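In what follows, a structure is listed as structure tokens, so that the remarks can point back to it.
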Amino acid sequence: MSDAQAKFLTGSLFKHVSVMSLTASVGLMAIFFVDFVDMIFISMLGKSELAAAVGYAGAILFFTSSFGIGMSISAGALVARALGAGDEAEAKRKATHALIYGVLFGAVFAAFVWFNLGFLVSLLGASGETHALAVLYLQIIVPTLPFLMIGMVGGAILRAHGDAKRAMMATIYGGGVNAVLDPILIFGLDMELTGAALASVAARLTMAAVSLRPILRHYGGFVRPELRDLMIDLRPVLAIAFPAILTQLATPIGQAYVTRTMADFGEAAVAGMAIVGRLTPLAFGVIFALSGAVGPIIGQNFGAGQHDRVRGGFTAGVVFVGIFVVCMTILLFLARSPIADVFTATGITRELVYLFCGPLALVFFFNGLLFVANASFNNLGHPYYSTWLNWGRHTLGTIPLVILGAAWFGAPGVLIGQAVGGVIFGTLSAILALRVMRKVEGDATAIAKPDPFARQARLMQRSSFRR
């Protein structure tokens, strides 16, 4: 029996946002924690080129993962809308076709990246042994992108049904497999970076399998794909997926520029940035999960025509971001010294860790605004707004500010410039999201408002009939 139903049409919106975000973030942070532990293990090997290689590889993997996030956004939005409208059969069809397209597009994209790894890593500024290590690491992981797509799209389908717990379990199992295999492969079999890569491959395979099982068991599985139906759904899938993918690709491209700029300050600076890169999702995994949590809430209520709850879901998301960021910033500030000690960070590496565990963490509130706004745009039929804002944030809001920051403050200025861009575009995104919600509600009211002339004609017709 299917458990499919629209769960977000009633009840406390702040509770829905909190439960969905916290539950989804547990799974995300399981993966992020493993990445964090990876970095600790690699740092324990005492080879700075290994830590730097992971930093460069991380930028490329962020690039490929963003493609998967874009496809999962499309799947989640389409399934949530169908459920909000009460059409479970349509929700199942959209889930099936989004998953198929995710795997196909993921395979093509993975092939493109794999055949250009040397060029892409060079573009980031890596050279010598660090370049060779980064390419080796990526050659092992990149081909598994289709399995990552299955895990991500499957998780989005589960969240669209309001089942954040089972979506969480897929990432928890994946993180558990990675955590168990890491020390065995890296140290036990002395495989170093290759061992870390193989552990990540096993984690992706696990995520794919665990995310599909509850869809098959609790939500009626998938429909049998037919070419005609696939072609019909290609347009609605791409209508959200294409701008969402463009939106997500902006982040790794902006991060790649930041990495390239940081490379000018040496491998110690790149290693510091790599540590910050591992700390950020671990500390703010709840905020990263917020976009996927708010999306189904807004999507279901939009599909049901409940625009007051659409606005309420957005507001609840913003309040949640503010509370969480303040609490996490205080925690990071108090723990900044032990965190740096774990990585045996010294010099500029330690300075960058301290910078993140202070004012830059607080600024993450504005990144949270952008995440909530993007979820609103994607589920309200304006996905290209997310695209333009994200690209603006990672081009105009990154490149000139990073250049100025690096010139004025050196390596710390690179992170400072990037953070200032987040403040500007996070504020703009929130303002635009509120305008979109007012416009969508106004359009719906205009459609629903009865025509006074038509009403008068009906009354005259009734009067004539009675006579």
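Computed values, structure above
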item: Residues Val342 and Ile140, FRET efficiency given R0 of 22 Å [Cβ-Cβ distance, rounded to 0.05]; result: 0.25
item: Residue list for segment 158-180, given a label point 7 angstrom along the Cα-to-Cβ vector of Leu216 and an amide N cut-off under 19 Å; result: 158-159, 166-174
item: Summed residue charge, Cβ within 14 Å of Gly151's Cβ, Lys/Arg positive, Asp/Glu negative; result: +4
item: For Gly299, net neighbour charge (Lys/Arg +1, Asp/Glu -1) across residues whose Cβ lies under 11 Å away; result: +2
item: Within segment 373-409: backbone nitrogen closer than 14 Å to the Leu434 label point (7 Å, Cα to C-beta); result: 373
item: Placed amide H near Gly220: partners under 5 Å, 5+ positions off or other chain; result: Asp3
item: Protection-proxy order for peptides 232-244, 370-382, each taking the mean of Cβ atoms within 10 Å per residue, highest first; result: 370-382, 232-244
item: Net +/- balance of residues flanking Tyr385 in space, Cβ distance below 15 Å, scoring K and R +1, D and E -1; result: +4
item: Whole-angstrom gap from segment 197-230 to segment 321-390, using each part's C-alpha centre; result: 31 Å
item: Label-zone membership for segment 362-380, site Ile424, 7 angstrom Cα→C-beta point, backbone N under 18 Å; result: 363-371
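Readers should treat all values here as calculations from the given coordinates under stated rules, not as data from a laboratory. None of the values given here were measured: they were computed from a predicted structure. As a convention, Cβ positions derive from the backbone with ideal geometry for all residues, glycine included, and neighbour counts pool all protein chains shown.
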